[in-house]
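Worksheet: one structure, shown below.
What follows is calculated from the coordinates using simple rules that are stated; it is not laboratory data. Nothing here was measured: the structure is a model prediction, and the numbers come from that model. A quick note on method: Cβ atoms are made from the backbone with ideal geometry, for glycine too, and the neighbour counts reach across all protein chains shown.
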Amino acid sequence: MPEGWDAPEGWGTPAGPHRRDDPGGAEHRNRSGRGAQRAVRARLPLWDRALRGLAGVLAGGLVVLSLVLLGVWLLAGNWGVPGPGGFTVFWHVVGAVVGVAGQRVADRRPDRTGSVAAAVVVGAAALVLGLAWFL
């Protein structure tokens, strides 16, 4: 490392290397509360990490599925062939928006709110897939 730089010790510290003579460096970040909170945040239980991971995969899948359906709907309309209806495309897009919003909350909240948001994403994906594809 360049002279005058030192790396914080251990894993889970708020940021990377800091200048020793930097007045707005590590001390400033620790006073704000965010860095210290991240450093001492407890690790989530396995079931919660698995739920949040599954929710992330499902949210991404809903986005891809809604974009593909939107493209097929537009192409089918231009070519004059049957395709998905506007009602189906609309609800897939709504499901994707709910999924991305819920996953955003789940990624940023380590508490019960994040777990509930992940469960909402899984429920939204189950609703969209169940009602539009399997029933």
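Full extension of the chain between Val116 and Ala76 gives 10.6 nm of extra length, using 0.36 nm per residue less the Cα-Cα distance. Ordering Thr88, Thr113 from the fewest to the most neighbouring beta carbons within 10 Å gives Thr113, Thr88.
Given R0 = 25 Å, the distance between the Cβ atoms of Val64 and Arg108 translates into a calculated FRET efficiency of 0.65. Averaging the sequence gap over all C-alpha pairs within less than 8 Å and six or more residues apart, then dividing by the number of residues, gives the range 46-134 a relative contact order of 37 percent. What the Cβ-Cβ distance of Asp48 and Val97 gives, at R0 = 25 Å and to the nearest 0.05, is a FRET efficiency of 0.60.
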